[in-house]
Amino acid sequence: METNLQKRKEARKPLRIKVISMGNAEVGKSCIIKRYCEKRFVSKYLATIGIDYGVTKVQMRDREIKVNIFDMAGHPFFYEVRNEFYKDTQGVLLVYDIGQRESFDALDSWLAEMRQELGPPTNLENIIFSVCANKIDCSKHRCVDESEGRLWAESRGFLYFETSAQTGEGINEMFQVFYSTIIDLCENGGKRPMASINVGFTKEQADSIRRIRNSKDSWDMLGLKPGSSRDEINRAYRRLAVLLHPDKCIAPGSEDAFKAVVNARTALLKSIK
Ligand code: GTP
Ligand code: MG
């Protein structure tokens, strides 16, 4: 059995962790890291060539942590360089630009690249991902709203933050929670603690919200064929209303999805009168 003294010694030992950044070129990965480590922002774009490596020490809770940061180039051209840096990672900064939908849509392919490079048995479950919806200072160019980004992240058990490397908004908070969650992971034997895996809403709820958001018309929204009967409309409506009612569903975007379903049902019932 461990004595208290052993435990305290253990707590004082610096923890070494490896963090990588991922996301399309120009989304702001290097600037987010620079903002946190050097407290400054560079507006001129200097593309990362392959990989930038740095070490930083952080004091967190009762521990000193030594963070090895591998800042990856987002450009496809550098795939060969970055592919060997995925292994032995505890934390990933997964960044997109809220004004560039392609960079949000590309998040899945970044996960796929990582999974492919790690090879089986791949367990992304035990890596802490922090999704940064970056450039929130450019709100007038925004095309991916907060609930959409948050839903994508939280339905996978990832952290989600709105950040601006330019103003610094959200950056410190993001790193604090990110590092603290990585410490929890390390103290839990390298396994993600259950509390952070349990997201509080179901895959069915998340998938329905996504489907409703992307639906092309009211029929599609209720998951019905055009021309379905009044009964079918009411049944589909009731199923979704129970699934997404704001009193029962805490998934990001559920309130808007619920309202959209109510409106779709009203419009369809009117149209078949
Ligand atoms: P690669 O290294 O090519 O993969 O790009 P990157 O993701 O590291 O992007 P980088 O940090 O170099 O930033 C790209 C451009 O976006 C630069 O011109 C930055 O000044 C700008 N930028 C980064 N973050 C922000 C932000 O929060 N707000 C605004 N307005 N611009 C930003
Ligand atoms: Mg970069």
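The values are calculated or read from the model by the stated rules, or taken from the named source; none is laboratory data. Only a predicted model underlies this, so the values are computations on that prediction, with no experimental measurement involved. Every residue, glycine as well, gets a Cβ built from its backbone with ideal geometry; the counts of neighbours run over all protein chains shown.
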**Request:** Out of Glu125, Glu187, Glu117, report the one residue that is more than 16 Å from Val95 (Cα to Cα), in contact with a helix residue (DSSP H, G or I) (Cβ under 6 Å, 6 or more places away or on another chain), surrounded by fewer than 21 Cβ atoms within 10 Å (Cβ to Cβ) and not aliphatic (A, V, I, L, M).
**Result:** Glu117
**Asked** Has region 69-90 got any residue that is in contact with an Asp or Glu (Cβ under 6 Å, 6 or more places away or on another chain) and part of a strand (DSSP E or B)?
**Response** yes
**Item:** Sole exception among (1) under 27 Å from Pro121 (Cα atoms); (2) near ligand 2 (Cβ under 9 Å from one of its atoms) for Ile17, by number
**Value:** (2)
**Message:** Anything in region 64-99 that is charged (D, E, K, R) and within 12 Å of ligand 1 (Cβ to nearest atom)? List them, or say none.
**Reply:** Asp71, Arg82, Asp97
**Asked** For Val95, are the conditions met, namely being within 14 Å of ligand 2 (Cβ to nearest atom), of a type in the set (A, V, I, L, M) and at pLDDT below 95?
**Response** no
**Request:** May I ask you to verify whether Gln176 is out of contact with any Cys (no Cβ under 9 Å at 6 or more places or on another chain) and in contact (Cβ under 8 Å) with a residue 24 or more places away in the chain?
**Result:** yes
**Message:** So Thr163 passes all but one of these: (1) within 17 Å of Val177 (Cβ to Cβ); (2) surrounded by fewer than 22 Cβ atoms within 10 Å (Cβ to Cβ). Which condition number does it fail?
**Reply:** (2)
**Asked** Does region 195-203 contain at least one residue that is touching a residue at least 12 places away in the same chain (Cβ under 8 Å) and closer than 30 Å to Lys34 by Cβ?
**Response** yes
**Complete:** When region 24-41 is checked residue by residue, the ones that are surrounded by fewer than 21 Cβ atoms within 10 Å (Cβ to Cβ), more than 6 Å from ligand 1 (Cβ to nearest atom) and closer than 21 Å to Gln100 by Cα are Phe41
**Request:** Any chance you could count how many residues in region 112-126 are touching a residue at least 40 places away in the same chain (Cβ under 8 Å) and among the aliphatic types (A, V, I, L, M)?
**Result:** 1
